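Undergrad: First, the structure itself, so that you have it in front of you.
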Amino acid sequence: MTEAQARSSSSLKAIASQCQPAETIKAIEPLGNGNVNETFLVQLDGNNQANFVLQRLNTAVFSKPELVMKNLLALSDHVDQKLSEGIPQLNGRRWELPRPLKWADGQQDWLEENGNFWRAITFIDNANCLEVLQDLQQARDVGFGLGMFHLLISDLPATALADTLEGFHITPNYLAEYQHVLKHSQLIASADAEWCIKFIHQRQALAAVLEAAKACGELQLRPIHGDPKINNLMLDAESGQAIALIDLDTVKPGLVHYDIGDCLRSGCNPLGEETTNLAAVHFDLQLCEAILEGYLSVARGFLNEADHHYLYDAIRLIPFELGLRFFSDYLNGSVYFRSDFPNHNLQRALVQFKLTESIEAQEQEIRAILERLRGSQP
């Protein structure tokens, strides 16, 4: 261990010991590969001691971290109550939710120290997450996991949650930002960039489809996760069943369509968003059907006529939206998304736009899947 690492370890232990006695802390190690918060696993000595997660929230992204925590507390209280009442759809399945732990005297839910905002939350043990779906059963379980999360919070009033990321998933805003950046970008044009510009121009009317439906009252605000990529679903290490949806900082009022679209965007692109094989990028219909089958097995009951009507639009919109965000950041000098090489965000944008093309080419098949599953009995 280097001197710098030793200092860092000592500092982390000093923070963690304000949540658990220092003598019980066996080790502190980095956890996960997130790009926003700094996350560590605190391992404790003793058979009766449960390990926990220590996180330093990125206040550049979450400018009001106390509201993030209040959302998490409201969510935890609500889900605890629902689980205590019993959820028939779980049918004995394990289900967990990361919960905040108390600090110091047992009264604090977070710790502010030297300009940093820390929290401690429960650790979900004996579980794994996926970067790529390996089979249809995993896809069904991922869909079930998102559906169970939505079911558990479907009767939590949206007004009980703060909007901690204003503008997030508001596609018309991203389009307006892109148009502004495009006018002022100093990047030299390339064939790929020109293709992206043409692609966006041809589909700019698509941007408002969900927000317009919300504005006229067809779609309603509900509590949503906000970022349910498949690697935020935890699967039990032994059974392979979905048991948790993690990374809850983005929980806020929104449209469930954002969550459904994002889950399908990340789950139905077998090559992932970092691929360079653009010719092979495609939206996998079998994975799409399996995810939706799992989702609707628990979520069908709280989706209304209008919700079903706009599901295809959500599936098409979310990869377009992410591609728009990647391309805007590329034009702006890659100041938001971490990039590993100069054209990284351009490459990411191309992947999302190719995925959008694949969805469009299979519109009839996707709509047929949606209609078939809509008519299926739970």
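Undergrad: Any residue that is at pLDDT 90 or above, buried (at least 17 other Cβ atoms within 10 Å of the Cβ) and either assigned by TED's automatic domain parsing to the domain that holds GLY301 or in contact with a Ser or Thr (Cβ under 8 Å, 6 or more places away or on another chain) (or both) - is there at least one of those in region 28-35?
TA: Scanning region 28-35 turns up at least one residue that is at pLDDT 90 or above, buried (at least 17 other Cβ atoms within 10 Å of the Cβ) and either assigned by TED's automatic domain parsing to the domain that holds GLY301 or in contact with a Ser or Thr (Cβ under 8 Å, 6 or more places away or on another chain) (or both).
Undergrad: If you don't mind, there's one more thing I want to ask. Restricting to region 251-280, name every residue that is of a type in the set (Val, Ile, Thr) and surrounded by fewer than 23 Cβ atoms within 10 Å (Cβ to Cβ). Spell out the reasoning first.
TA: First, the residues of region 251-280 that are of a type in the set (Val, Ile, Thr): 251, 256, 260, 275-276.
Passing the criteria: THR275, THR276.
Undergrad: Quick check on region 295-304. Is at least one of its residues closer than 27 Å to ASP192 by Cα and either assigned by TED's automatic domain parsing to the domain that holds PHE144 or surrounded by 14 or more Cβ atoms within 10 Å (Cβ to Cβ) (or both)? First the steps, then the outcome.
TA: Here is the first cut: in region 295-304, the residues closer than 27 Å to ASP192 by Cα are none.
So far as region 295-304 goes, no, none of its residues is closer than 27 Å to ASP192 by Cα and either assigned by TED's automatic domain parsing to the domain that holds PHE144 or surrounded by 14 or more Cβ atoms within 10 Å (Cβ to Cβ) (or both).
Undergrad: Something else about it: Report the residue count in region 202-239 for those that are in contact with a strand residue (DSSP E or B) (Cβ under 9 Å, 6 or more places away or on another chain) and either closer than 22 Å to PHE320 by Cα or outside the structural domain of ASP155 (by TED's automatic domain parsing) (or both).
TA: Residues of region 202-239 in contact with a strand residue (DSSP E or B) (Cβ under 9 Å, 6 or more places away or on another chain): 221-226, 228, 232-237.
Going one step further and asking which of them are either closer than 22 Å to PHE320 by Cα or outside the structural domain of ASP155 (by TED's automatic domain parsing) (or both), we end up with 221, 224-226, 228, 232.
Looking only at that region, the number is 6.
Undergrad: A further question on this structure: State all residues of region 325-378 that are at pLDDT below 90 and of a type in the set (S, T, N, Q); if no residue qualifies, say none.
TA: SER334, SER339, SER376, GLN377
Undergrad: Right, next: Just the residues that are free of Cβ contacts under 8 Å to residues at least 12 places away in the same chain, hydrophobic (A, V, I, L, M, F, W, C) and closer than 13 Å to LEU187 by Cβ, please, taken from region 315-353.
TA: Within region 315-353, VAL335 is the sole residue that qualifies.
To keep it simple, each residue is scored yes or no on (1) closer than 19 Å to LEU221 by Cβ; (2) in contact with a His (Cβ under 8 Å, 6 or more places away or on another chain); (3) of a type in the set (Gly, Ala, Ser).
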{"site": "ILE291", "(1), (2), (3)": "no, no, no"}
{"site": "ASN304", "(1), (2), (3)": "yes, no, no"}
{"site": "HIS308", "(1), (2), (3)": "yes, no, no"}
{"site": "GLU321", "(1), (2), (3)": "yes, yes, no"}
{"site": "LEU324", "(1), (2), (3)": "no, no, no"}
{"site": "PHE327", "(1), (2), (3)": "no, no, no"}
{"site": "GLY333", "(1), (2), (3)": "no, no, yes"}
{"site": "SER339", "(1), (2), (3)": "no, no, yes"}
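Undergrad: To continue, here is another question. Restrict the check to region 66-82 and report whether at least one residue is over 18 Å from THR122 (Cβ atoms) and either without any contact (Cβ under 8 Å) to a residue 24 or more places away in the chain or not assigned by TED's automatic domain parsing to the domain that holds PRO21 (or both). Talk me through it step by step, then tell me what you get.
TA: Going through region 66-82, the residues over 18 Å from THR122 (Cβ atoms) turn out to be 66-67.
Still in the list and also either without any contact (Cβ under 8 Å) to a residue 24 or more places away in the chain or not assigned by TED's automatic domain parsing to the domain that holds PRO21 (or both): none.
No, there is no match, as no residue in region 66-82 is over 18 Å from THR122 (Cβ atoms) and either without any contact (Cβ under 8 Å) to a residue 24 or more places away in the chain or not assigned by TED's automatic domain parsing to the domain that holds PRO21 (or both).
Undergrad: So the check is Cβ under 8 Å with 6+ separation or different chains; which pairs have a first residue in region 13-25 that's in the same structural domain as GLN55 (by TED's automatic domain parsing) and touching a residue at least 40 places away in the same chain (Cβ under 8 Å) and a second one that's among the basic types (Lys, Arg) and in a loop (DSSP other than H, G, I, E, B)?
TA: So the pair list comes out as CYS19/LYS102.
Undergrad: Just wondering, is there one or more residues in region 248-267 that are over 22 Å from LEU219 (Cβ atoms), outside any helix (DSSP H, G or I) and out of contact with any Pro (no Cβ under 9 Å at 6 or more places or on another chain)?
TA: No, the conditions are met nowhere in region 248-267.
The values are calculated or read from the model by the stated rules, or taken from the named source; none is laboratory data. On a predicted model such as this, the values are computed, not experimentally measured, just so you know. Positions of Cβ are backbone-derived with ideal geometry, glycine not excepted, and every protein chain shown enters the neighbour counts.
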